[in-house]
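The values are calculated or read from the model by the stated rules, or taken from the named source; none is laboratory data. In this text the structure is predicted, and so the values were computed from the model without any measurement. Cβ atoms come from the backbone with ideal geometry, glycine included; neighbour counts cover every protein chain shown.
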Amino acid sequence: RRFFSIKEYIWYKLFAEFVVDHSIASSTGLFNINSLEWDSQALELAGIYKEQLSTLVQTDYTRSGLGLKDQSLSAFASTKFVIGASDGCLANLGSLATEPGIAALTIGTSGAVRVASRTPIVNYPTMTFNYILDKEFFICGGAVNNGGSTVQWLLKNIFRESELTEIVYAQLFKHISEVEAGSDSLLFLPYLSGERAPLWDSDSCGTFFGLRLHHSRPQLARAVLEGICFTLYEVLQVVESNGEAITQLNVSGGFVQSEVWMQILADITGKKLVLIQEEDASAIGAVILAAKTLKLNISLKDKNPQSILPNIANHETYQKIFPIFKALYLSLKPLMKQLQQLNH
């Protein structure tokens, strides 16, 4: 009996060996990021033997000569394969967020804030992750559950949209752009799927707060985006409090298709946003890592990256709202737990 990820299984089918890179291993909770070995104490607690796990390798581990007798792959028999890293680590690399003072921020279905660091960033209350990118860098940060999935919920259940087309999203963001920062004193806790960083609270739930008769769907929609961005701002503050000050966010993920969403994020964080690549940052990072490993000379830098600067007046508004947002969760936390217990 073995334990392995989908990536490890694909590698096994290609080369008939079970190996796992340090980046993927970092996310298992069984890997010691200091010794670069499976952690004996963690394995004992989990009831797993290291023989049941894959052999550990660096993220630049390379193989060629496919182990399969599959004629459909014969054209790749001499192709070199680099094992690579995890998607979050590669997103930092692909969005060129490995320099001091720059963080990578991604919002797709979920969201994350990550920085590259020469040493791990340890914060036990908020449990920041530390994944190994390569021999130089750890990727440190936190992930949130509720990103684009929350917007999908909004469109399906509040706007009653049956098909989420580009036109539907365009109309949504147009409505949002017509609402001022703060959504007319309406707050939204976006914890529809519970929350990971920085709360680590599976009982947390979504909440509109401050709802009055004059509020309508545009205000609710903007409050949803602001709630998502406030949560990522909390993660950013945790990362900053344990490392260097962040002056720039290199952004990626589906949300970059919306200028109004990016502007809200810039206004809440007070940081400059830079969109390095419109393509998937993790895929670009995989190309960069493979090219570096194989000593290929390529350049994927965008000569004219898009920048979004914060609106100072809006940032000042959000700075007044943010403490209320944090206090709201803390006030409701015990009630959220009681409410969830009713379902068990």
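Return the pairs, sorted by first residue and then second, in which the second residue is assigned to a loop (DSSP other than H, G, I, E, B) and among the hydroxyl-bearing types (Ser, Thr, Tyr), the first residue lies in segment 169-189 and is touching a residue at least 60 places away in the same chain (Cβ under 8 Å), the beta carbons are less than 8 Å apart, and the residues are 6+ apart or on different chains.
From residues that are touching a residue at least 60 places away in the same chain (Cβ under 8 Å), the pairs are 169/258; 173/258; 189/204.
Considering only segment 245-285, state which residues are among the hydrophobic types (A, V, I, L, M, F, W, C) and assigned to a helix (DSSP H, G or I). Talk me through it step by step, then tell me what you get.
Taking segment 245-285 first, the residues among the hydrophobic types (A, V, I, L, M, F, W, C) are 245-246, 249, 251, 255-256, 260-262, 264-266, 268, 273-276, 281, 283-284.
Passing the criteria: 255, 256, 260, 261, 262, 264, 265, 266, 268, 281, 283, 284.
Could you check segment 266-320 and list, in sequence order, the residues that are among the β-branched types (Val, Ile, Thr) and out of contact with any Cys (no Cβ under 8 Å at 6 or more places or on another chain)? Step through it out loud before you land on a result.
Just the residues of segment 266-320 that are among the β-branched types (Val, Ile, Thr), to begin with: 268-269, 274, 276, 284, 287-288, 293, 298, 308, 312, 317.
Of everything in segment 266-320, those that are among the β-branched types (Val, Ile, Thr) and out of contact with any Cys (no Cβ under 8 Å at 6 or more places or on another chain) turn out to be 274, 276, 284, 287, 288, 293, 298, 308, 312, 317.
Quick check: anything in segment 155-173 in contact with a Pro (Cβ under 6 Å, 6 or more places away or on another chain) and over 22 Å from residue 274 (Cβ atoms)?
Taking segment 155-173 as the starting set, the residues that turn out to be in contact with a Pro (Cβ under 6 Å, 6 or more places away or on another chain) are none.
Looking for residues that are in contact with a Pro (Cβ under 6 Å, 6 or more places away or on another chain) and over 22 Å from residue 274 (Cβ atoms), one finds none in segment 155-173, hence no.
Can you work out which of the residues in segment 143-167 that are touching a residue at least 12 places away in the same chain (Cβ under 8 Å) and either hydroxyl-bearing (Ser, Thr, Tyr) or over 19 Å from residue 253 (Cβ atoms) (or both) is surrounded by the most Cβ atoms within 10 Å (Cβ to Cβ)? Working first, answer last.
Taking segment 143-167 and keeping what is touching a residue at least 12 places away in the same chain (Cβ under 8 Å), we get 143-155, 158-159, 164.
Cutting the leftovers down to either hydroxyl-bearing (Ser, Thr, Tyr) or over 19 Å from residue 253 (Cβ atoms) (or both) gives us 149-150, 158-159.
Details: 149: 17, 150: 25, 158: 13, 159: 15.
Filtering segment 143-167 for residues that are touching a residue at least 12 places away in the same chain (Cβ under 8 Å) and either hydroxyl-bearing (Ser, Thr, Tyr) or over 19 Å from residue 253 (Cβ atoms) (or both), the one surrounded by the most Cβ atoms within 10 Å (Cβ to Cβ) comes out as 150.
In segment 264-291, which residues are farther than 20 Å from residue 248 by Cα and in contact (Cβ under 8 Å) with a residue 12 or more places away in the chain? Lay out the reasoning, then the answer.
We begin by selecting, within segment 264-291, every residue farther than 20 Å from residue 248 by Cα; these are 283, 286-291.
283, 286, 287, 288, 289, 290, listed by residue number.
Go through segment 81-92 residue by residue and tally those that are among the hydrophobic types (A, V, I, L, M, F, W, C), buried (at least 21 other Cβ atoms within 10 Å of the Cβ) and modelled with pLDDT of 95 or more.
Of all residues in segment 81-92, those among the hydrophobic types (A, V, I, L, M, F, W, C) come to 81-83, 85, 89-91.
Within this subset, residues satisfying the condition of being buried (at least 21 other Cβ atoms within 10 Å of the Cβ) are 83, 85, 89-91.
Then keep just the ones that are modelled with pLDDT of 95 or more; that gives 83, 85, 89-90.
Qualifying residue count for the region: 4.
Considering only segment 127-166, state which residues are over 15 Å from the mean Cα position of the chain (by Cα) and among the polar types (S, T, N, Q).
Hits for segment 127-166 are 152, 157, 162, 165.
For segment 245-260, what are the residues that are within 22 Å of residue 150 (Cα to Cα), buried (at least 17 other Cβ atoms within 10 Å of the Cβ) and either out of contact with any Ser or Thr (no Cβ under 8 Å at 6 or more places or on another chain) or basic (Lys, Arg) (or both)?
If the condition is that a residue be within 22 Å of residue 150 (Cα to Cα), buried (at least 17 other Cβ atoms within 10 Å of the Cβ) and either out of contact with any Ser or Thr (no Cβ under 8 Å at 6 or more places or on another chain) or basic (Lys, Arg) (or both), then 255, 256, 258 are the ones that fit.
Tell me which residues, restricted to segment 267-326, are among the β-branched types (Val, Ile, Thr) and out of contact with any strand residue (DSSP E or B) (no Cβ under 6 Å at 6 or more places or on another chain).
Kept after step one, since they are among the β-branched types (Val, Ile, Thr), are these residues of segment 267-326: 268-269, 274, 276, 284, 287-288, 293, 298, 308, 312, 317, 321, 324.
Correct list: 268, 269, 284, 287, 288, 298, 312, 317, 321, 324.
Kindly establish whether residue 340 is surrounded by 14 or more Cβ atoms within 10 Å (Cβ to Cβ), in contact with a Leu (Cβ under 6 Å, 6 or more places away or on another chain) and not charged (D, E, K, R). Step through it out loud before you land on a result.
Details: surrounded by 14 or more Cβ atoms within 10 Å (Cβ to Cβ): yes; in contact with a Leu (Cβ under 6 Å, 6 or more places away or on another chain): no; not charged (D, E, K, R): yes.
So residue 340 fails the test.
Restricting to segment 207-230, name every residue that is more than 12 Å from residue 185 (Cβ to Cβ), surrounded by 16 or more Cβ atoms within 10 Å (Cβ to Cβ) and not β-branched (Val, Ile, Thr). Working first, answer last.
Here is the first cut: in segment 207-230, the residues more than 12 Å from residue 185 (Cβ to Cβ) are 207, 213, 216-218, 220-221, 224-225, 227-230.
Next cut, surrounded by 16 or more Cβ atoms within 10 Å (Cβ to Cβ) only: 207, 218, 220-221, 224-225, 227-230.
218, 220, 221, 225, 227, 229, 230, listed by residue number.
Would you check which residues across segment 283-314 are in contact with a Ser or Thr (Cβ under 8 Å, 6 or more places away or on another chain) and under 30 Å from residue 194 (Cβ atoms) and list them?
Here is the first cut: in segment 283-314, the residues in contact with a Ser or Thr (Cβ under 8 Å, 6 or more places away or on another chain) are 284-285, 289, 293-294, 310.
Of everything in segment 283-314, those that are in contact with a Ser or Thr (Cβ under 8 Å, 6 or more places away or on another chain) and under 30 Å from residue 194 (Cβ atoms) turn out to be 285, 310.
If you scan segment 304-318, which residues turn out to be surrounded by 12 or more Cβ atoms within 10 Å (Cβ to Cβ) and either part of a helix (DSSP H, G or I) or not assigned by TED's automatic domain parsing to the domain that holds residue 232 (or both)?
Those that are surrounded by 12 or more Cβ atoms within 10 Å (Cβ to Cβ) and either part of a helix (DSSP H, G or I) or not assigned by TED's automatic domain parsing to the domain that holds residue 232 (or both): 314, 315, 316, 317, 318.
Within segment 227-253, which residues are out of contact with any strand residue (DSSP E or B) (no Cβ under 7 Å at 6 or more places or on another chain) and within 25 Å of residue 207 (Cα to Cα)?
229, 230, 233, 234, 237
When residue 115 is evaluated against the numbered criteria (1) touching a residue at least 24 places away in the same chain (Cβ under 8 Å); (2) out of contact with any strand residue (DSSP E or B) (no Cβ under 9 Å at 6 or more places or on another chain); (3) of a type outside the set (Asp, Glu), which criterion, by number, is the only one it fails?
(2)
Please enumerate the residues belonging to segment 52-80 that are of a type in the set (A, V, I, L, M, F, W, C) and at pLDDT below 90. Explain how you work it out, then say what you get.
From segment 52-80, those of a type in the set (A, V, I, L, M, F, W, C) are 53, 56-57, 66, 68, 73, 75-77; that's our starting set.
Of everything in segment 52-80, those that are of a type in the set (A, V, I, L, M, F, W, C) and at pLDDT below 90 turn out to be 66, 68, 73, 75, 76, 77.
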